[in-house]
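Below is one structure; the comments refer to it alone.
The values are calculated or read from the model by the stated rules, or taken from the named source; none is laboratory data. Just so it is clear, the model here is predicted, and its values are computed rather than measured. For neighbour counting, all protein chains shown are included, and Cβ atoms are generated from backbone atoms with ideal geometry for every residue, glycine included.
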Amino acid sequence: MSDTLLQVRDLAVTFETRRGRVQAVSGVDLSVRAGEIVGLVGESGSGKSVTLRALTRLLHANARISGQVIWRGEDVLALPENRLRAIRGREIAMIFQEPMTALNPVLSIGRQIDENLVAHGSLDQAGRRRRALELLDMVGIASAAQRLENFPHEFSGGQRQRAMIAIALAAEPRLLLADEPTTALDVTIQDQILKLLMNLSTGLGMAMVLVTHDLGVVAQSCDRVCVMYAGRVVERGSVEQVFGRPRHAYTDALLRTMPGFGPSSHTEGAARARLVPIEGQPPRLDRPILGCAFAPRCTHASAQCEVRPEMVDDGSGHEAACFAADALVAV
Amino acid sequence: MNRLGMVGLRLLQILPTLVLIGVVAFVLVRLLPGDPVSNMLGDHATDATIARLQAQMGLDQPIWVQFLLFVRHAVQGDFGDSIAYHVPVARLIAERLPVTITLAALATLIAIGLAVPLAFISAVNADRWPDYLIRAVFQVGLSSPIFYVGLLLLTVFAAALRWFPVGGYGEGIGDHLYHLFLPAVALALSFSAVIMRSLRASILAVLTAEFVDFARSKGLSQRIILLRHVLRNALISTVTLIGLHMGSLLGGAVITESVFAVPGVGRLMVESIFARDYTVIQALTMALAVVVSLTFLATDLVQMWLDPRAAK
């Protein structure tokens, strides 16, 4: 596809820890087209945040990343440091879950915007200040001129998240990686921030990868979604496909844990379908997983699940790695 | 601004501290066995001579009368004459205190200059050879007695190489600094080891902070991330340590001042204690209290500058 910005192939991340090697992410393929919002969902520990950080090599020294991350024709994983720095912030920016810890407590918001503009642009001081004011305005922070001088602790939680978005967007990136951007916020604020991100994405033509464990957030904002389990993408497709007719037993089970989401709620026409929790725990990642990682918790598991299923496209671009795919849709 | 009020308040708070320290110093020196008169007159003095001289100096009065006299003169800025040197105490301290302050400040600068870059190299290469090497060298610095380091520096750089004078204080600011350089290095070695260890630990902690990842995700250079984002946050806790240590250098540079024959207040204090020179001990204790309080105030100001959250 010609408008593909980011193409991830066979991404794997292992961490060397004191207790051995942990295979956090394996075999992840992911593509992001210009302007679209892709959701990356899964439980904690499913590898979604690690995947996100691996894209621009933000993981720490104990991480080994393999595979390819093709950004507009270049493999980010093979780039030299200086070229990587030119992409970070300028082309691919990132926002984090907790703005209180992701913003530097001892630098003013204005300073934290400014350094981004200095790193990636040629504006003079007055120009950078104009741009900073414009950015605060764009993310909905009132009386921008005074707020530039303020430090992170002088902002409320929602305002801090807005400020972080302003900082990340300073150099007009084409892709924004958002790691649980609404999770740390009050419910009312969550919705505002999500709408802001969606509006910015549309307004600026900026693509976004949105990592979240909140299916509601994905349903509300994303074009396409990847479901991750135990470090692998197990299902991928448009939001309507994946949430409407899940083809992986894990996605199906996940949707049944959410009120108003269960696939059966459509057919029964009942607003309150029965909520079914997923029994058991995700598998440990410090030993090899044979077969389907979800099988031990799966109500559809059979003998063939001892061999890991491949991703299969149903012909409409809806892919899943599950032997029960057709059975799930048939129900 | 609010900050100015805070400084004013802190300066006012020094006054009650000073009163308390004055009382304690006054009482404590008189609790020491012996007295200045018998010290001055030696073993062969008769009791009658001693009593006469004591009466002359007012030392035969009850202690509270002596204290009221001391306070009456002190509030007028008169701290009396030194019993041993026969000169006004104020003049003695005015001569000696700047020497020690210069020595302590120079030692602090050298210690910071050594510790900050090496703490960085150590932290960035944590648990690899540069880290081990730097920590090992500082461990030696930290565990070597100051008098030994001092003698070593004297032997090598003053006696053998003749790059520095063996002692004294010289004339004029440049000469003062030149004379104080070796003693400052001797003081700075263990001081810098303390700063290095603290700063290395804070840098390591800050390096794992999420704002460092955010800074990296913005495409900032490693230099800017380390100097602007990491160092400033890591210094916040270390500045307190530097301030406290500087305070102790001011009163505790006795050994160094003796080894290098530096005419500072450390030596003056020890000599005065041996001579039971009450007036000098009292006044010097109070003067040091003021200097140390001001050092702590300056430390807090630096801290507020580094960390806007502390400014409230």
Looking only at the range A:181-219, count every residue that is closer than 23 Å to A:Trp71 by Cβ and touching a Phe, Trp or Tyr at 6+ places or on another chain (Cβ under 8 Å) and tell me the total. 1
Can you tell which of B:Ala275, B:Ala261, B:Ala289, B:Ala253 is touching a residue at least 60 places away in the same chain (Cβ under 8 Å) and at positive phi? B:Ala261
Members of the range B:208-238 found to be of a type in the set (A, V, I, L, M) and more than 12 Å from every other protein chain (Cβ to nearest Cβ), listed by number: B:Leu226
Residues that are away from chain B (no Cβ under 14 Å) and more than 24 Å from B:Glu210 (Cα to Cα): list the helices (runs of 4 or more DSSP H) wholly contained in the range A:145-226 that include at least 1 such residues. A:187-204, A:215-221
Qualifying positions in the range A:92-132 - small (Gly, Ala, Ser), free of Cβ contacts under 8 Å to residues at least 60 places away in the same chain and touching an Asp or Glu at 6+ places or on another chain (Cβ under 8 Å): A:Ser108, A:Gly110, A:Ala132
Could you grab the pairs with beta carbons closer than 9 Å, sequence gap of 6+ or different chains, first residue in the range B:1-28 and loosely packed, with under 13 Cβ neighbours inside 10 Å, second one not in a helix (DSSP H, G or I)? B:Asn2/B:Lys312
Residue check: is B:Ile224 touching a helix residue (DSSP H, G or I) at 6+ places or on another chain (Cβ under 6 Å), under 30 Å from A:Leu169 (Cα atoms) and surrounded by fewer than 19 Cβ atoms within 10 Å (Cβ to Cβ)? no
Exactly one of these conditions fails for B:Leu177: (1) away from every other protein chain (no Cβ under 14 Å); (2) of a type outside the set (Gly, Ala, Ser); (3) buried (at least 20 other Cβ atoms within 10 Å of the Cβ). Give me its number. (3)
Please give the helices (runs of 4 or more DSSP H) falling wholly within the range B:201-296 in which 2 or more residues are farther than 22 Å from B:Arg91 by Cβ. B:210-217, B:232-252, B:254-259
Tally of residues being at the interface with chain B (Cβ under 7 Å from one of its Cβ atoms) and within 22 Å of A:Leu200 (Cβ to Cβ) across the range A:99-130: 6
Restricted to the range A:8-43 and to residues being free of Cβ contacts under 8 Å to residues at least 60 places away in the same chain and surrounded by fewer than 22 Cβ atoms within 10 Å (Cβ to Cβ), the residue farthest from the chain's Cα centre (by Cα) is A:Arg18
Name the helices (runs of 4 or more DSSP H) wholly within the range B:1-84 that hold at least 2 residues that are under 31 Å from the mean Cα position of the chain (by Cα) and outside the structural domain of B:Ala298 (by TED's automatic domain parsing)? B:2-31, B:36-41, B:63-74
In the range A:72-91, the residues that are touching a residue at least 60 places away in the same chain (Cβ under 8 Å) and either on the phi > 0 side of the Ramachandran plot or facing chain B (nearest Cβ under 8 Å) (or both): A:Arg72, A:Gly89, A:Arg90
Selection from the range A:47-69 of residues that are among the hydroxyl-bearing types (Ser, Thr, Tyr), under 25 Å from A:Arg284 (Cβ atoms) and over 12 Å from the mean Cα position of the chain (by Cα): A:Ser66
Those residues that are touching a residue at least 24 places away in the same chain (Cβ under 8 Å) and not polar (S, T, N, Q), I need them from the range B:292-309; list them, please. B:Val292, B:Leu294, B:Phe296, B:Leu297, B:Ala298, B:Asp300, B:Leu301, B:Val302, B:Met304, B:Leu306, B:Asp307
Looking only at strands (runs of 3 or more DSSP E) that lie completely in the range A:1-110, which have at least 2 residues being small (Gly, Ala, Ser)? A:20-33, A:63-71
Has the range A:70-81 got at least one residue that is surrounded by 19 or more Cβ atoms within 10 Å (Cβ to Cβ), at pLDDT 90 or above and within 16 Å of the chain's Cα centre (by Cα)? no
Quick check: is even one residue across the range B:123-141 touching a residue at least 40 places away in the same chain (Cβ under 8 Å) and either part of a loop (DSSP other than H, G, I, E, B) or not assigned by TED's automatic domain parsing to the domain that holds B:Gly251 (or both)? yes
Would you please name the residue that is farthest from B:Phe138 (Cα to Cα), looking only at residues in the range B:148-174 that are surrounded by 20 or more Cβ atoms within 10 Å (Cβ to Cβ) and free of Cβ contacts under 8 Å to residues at least 40 places away in the same chain? B:Phe164
Which condition number in (1) assigned to a helix (DSSP H, G or I); (2) within 11 Å of chain A (Cβ to nearest Cβ); (3) not aliphatic (A, V, I, L, M) is the one that B:Ser198 fails? (2)
Among the residues of the range A:24-43, how many are polar (S, T, N, Q) and either closer than 22 Å to A:Leu254 by Cα or assigned by TED's automatic domain parsing to the domain that holds A:Leu285 (or both)? 1
Quick one: B:Ile110 ticks every box in (1) touching a Leu at 6+ places or on another chain (Cβ under 7 Å); (2) farther than 21 Å from B:Leu207 by Cα; (3) part of a helix (DSSP H, G or I) except a single one, so which number is it? (1)
A:Thr188 being farther than 28 Å from A:Arg129 by Cβ and within 18 Å of the chain's Cα centre (by Cα): no
